[in-house]
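Derivation of every value follows stated rules applied to the coordinates shown; laboratory data play no part. This one's a predicted model, so the numbers in the text were calculated from it and none came from an experiment.
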Amino acid sequence: MLAFSCENYIDKPENLLSENKMAEIMADMALNDYSTYLNPTSNVEIGTRFILKKHNVKADNFMSSYKYYVVKKEMSAITVKSQNILKEKNPEAENFINKKMKENTPLPTTTE
């Protein structure tokens, strides 16, 4: 009987974004998400498009990189990097991040 982990079933995307680039984008997306919380009439999709354009990244490259890092179990480290970026931008963000971490469930894993 052969056993394979899910990590082996995904090829590295041709245009894989670096972990640092992913963290920067995710930090900006978190700010965008928070702004929609403060202003419910704002459009998340438009904000997301703006963020990807700002970082000169195509949506399909972001999604394929995201999926790759999730399967490779590297997304938690990227999330920590993005949280650190937010904390650097606004030291008060740490309290907000800690509160949200307590409210949210853990990141999805491929072993469930």
*Using Cα pairs closer than 8 Å and at least 6 residues apart in sequence, work out the relative contact order for the chain, in percent.*
35 percent
*Would you list which lysines come within 19 Å of LYS21, measuring only between C-alpha atoms, while excluding same-chain residues fewer than 8 positions from it?*
LYS12, LYS53, LYS54, LYS58, LYS67, LYS72, LYS73, LYS81, LYS87, LYS89
*Extension gain ASN20-ASN98, at 0.36 nm per residue separation less the Cα-Cα distance, in nm?*
25.9 nm
*What base-10 log of the normalised intensity I(q)/I(0) is obtained for the chain from the Debye formula, alpha carbons as equal point scatterers, at q = 0.20, 0.22, 0.23 Å⁻¹?*
-1.20, -1.34, -1.40
*Summing -39500 (n - 2.57) over the DSSP H runs of n ≥ 4 in the chain and dividing by its residue number, what mean residue ellipticity at 222 nm do you reach, to the nearest 500 deg cm²/dmol?*
-20000 deg cm²/dmol
*Residue among ILE85, ILE46, ILE25 with the largest mean-square fluctuation in a Gaussian network model of the chain, springs linking Cα atoms under 10 Å*: ILE46
*Which residue, MET29, MET101, MET63, tops the fluctuation ranking in a GNM of the chain built on C-alpha contacts under 10 Å?*
MET101
